[in-house]
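Participant: A single structure is presented below for examination.
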Amino acid sequence: MASRPVFVPCTSSVGVREVSVEFTWFPGMAVSQAQRSIASLHEAAAKSGMHDLLEISSKSADDSGVALSAFNLSFTTLKYNRTFSVEMAFQASKVFEHGGPFKDLLDSDSRTAKRDERLKSSGRLIKFNFLKFEFPLQPTTYFYDWLYINALSKNPDLWPPVTRAGGFTDIVFNPEKSLNCQAFSAALFSSLEHAGKLQEALDSPAAFLNVTRHAYEARARQNSKDRLFP
């Protein structure tokens, strides 16, 4: 057995409900094994009343779920007319004690950017710099969510599967080992859209944090390991 979170968007207010679900895990590196695990997770979630779930990862059996993976979800900057994925932008924005941001990662690809050795050998992560904006480390997933949701906002063809979904999963995400999760970001996007707050949140990073603050506070209360503000 294994456990993974299901992220259910709130529709009347901005927020995401996180539910841990136990399911049968199918080991192995093959995509077919991952998809068996995903099906098992979704079946177990359905028994708890969570339906119409969308797996967001490169392992998803749904084409929309694959397209919504941070490795594949891309956007083009208006000022420089450059296109890159969420993953590339996220890794290229990290600032460490002894280096960064490594902007050359924007010229690579998602997998290369994530595996760059400098991300492991440059000391403690201290902040993020993206274009003209600087982001703190708290709330924990603030920058990643802002980046993902801005990218998704520029891909309106992907909105329908997100806003229709009853919840989101990412079979690769393990909350014991990772912080940022594309499934949570998608759920937050859905909540913002249903609550009529998406455009307000997209106005600026400060506006985004103001609109989503209560969602982060609620998540921090649920997860005692997540310290919201210093």
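The values are calculated or read from the model by the stated rules, or taken from the named source; none is laboratory data. Keep in mind it's a predicted model, so treat the numbers as computed, not measured. With ideal geometry, Cβ positions are generated from the backbone for all residues, glycine too; neighbour counts draw on all protein chains shown.
Participant: Can you pull out the residues in segment 5-14 that are over 15 Å from the mean Cα position of the chain (by Cα) and surrounded by 14 or more Cβ atoms within 10 Å (Cβ to Cβ)? Steps first, please.
Facilitator: Filtering segment 5-14 down to residues over 15 Å from the mean Cα position of the chain (by Cα) leaves 10-14.
Result: Cys10, Val14.
Participant: Look through Asn155, Asn210, Asn150, Asn180 and report the one residue that is closer than 18 Å to Val19 by Cα and either in contact (Cβ under 8 Å) with a residue 40 or more places away in the chain or over 18 Å from the mean Cα position of the chain (by Cα) (or both).
Facilitator: The conditions single out Asn180.
Participant: So which residues in segment 21-45 are of a type in the set (A, V, I, L, M, F, W, C), within 22 Å of the chain's Cα centre (by Cα) and in a helix (DSSP H, G or I), if there are any at all?
Facilitator: Val31, Ala34, Ile38, Ala39, Leu41, Ala45
Participant: I'd like the full set of residues that are surrounded by fewer than 17 Cβ atoms within 10 Å (Cβ to Cβ), touching a residue at least 40 places away in the same chain (Cβ under 8 Å) and not polar (S, T, N, Q), limited to segment 68-103.
Facilitator: Lys79, the sole residue that qualifies.
Participant: Residues of segment 62-99 being assigned to a loop (DSSP other than H, G, I, E, B) and on the phi > 0 side of the Ramachandran plot, which ones?
Facilitator: Asn81, the sole residue that qualifies.
Participant: Here's a follow-up. Regarding segment 100-121, can at least one residue be identified that is assigned to a loop (DSSP other than H, G, I, E, B), among the charged types (D, E, K, R) and closer than 19 Å to Ala215 by Cβ?
Facilitator: no
Participant: Got a number for residues in segment 46-61 being in a loop (DSSP other than H, G, I, E, B) and either in contact (Cβ under 8 Å) with a residue 12 or more places away in the chain or among the aliphatic types (A, V, I, L, M) (or both)?
Facilitator: Looking only at that region, the number is 10.
Participant: How many of the residues in segment 48-63 are under 15 Å from Asn155 (Cβ atoms) and surrounded by fewer than 19 Cβ atoms within 10 Å (Cβ to Cβ)?
Facilitator: Qualifying residue count, segment 48-63: 1.
Participant: Tell me which residues, restricted to segment 15-38, are more than 25 Å from Ala218 (Cβ to Cβ), of a type in the set (Gly, Ala, Ser) and either surrounded by fewer than 16 Cβ atoms within 10 Å (Cβ to Cβ) or without any contact (Cβ under 8 Å) to a residue 12 or more places away in the chain (or both).
Facilitator: Gly28, Ala30, Ser32
Participant: Provide a single number: the residues in segment 135-151 that are touching a strand residue (DSSP E or B) at 6+ places or on another chain (Cβ under 8 Å) and under 16 Å from Phe84 (Cβ atoms).
Facilitator: Adding up the residues that qualify gives 5.
Participant: Which residue, of Gly196, Gly166, Gly123, is more than 25 Å from Leu53 (Cα to Cα), modelled with pLDDT of 95 or more and over 16 Å from the mean Cα position of the chain (by Cα)?
Facilitator: Gly123
Participant: Could you check how many residues of segment 3-18 are of a type in the set (A, V, I, L, M, F, W, C) and either modelled with pLDDT under 95 or within 17 Å of Gln182 (Cβ to Cβ) (or both)?
Facilitator: Number satisfying all stated conditions: 4.
Participant: For segment 12-23, indicate whether the set of residues that are aromatic (Phe, Trp, Tyr) and over 21 Å from Pro161 (Cβ atoms) is non-empty. I'd like the intermediate steps shown before the answer.
Facilitator: Applying the first criterion (aromatic (Phe, Trp, Tyr)) to segment 12-23 yields 23.
This time we only want the ones that are over 21 Å from Pro161 (Cβ atoms), so: 23.
Yes, the conditions are met somewhere in segment 12-23.
Participant: Same structure, new question: Yes or no: Asp109 under 22 Å from Lys59 (Cβ atoms) and among the acidic types (Asp, Glu)?
Facilitator: So Asp109 fits the description; yes.
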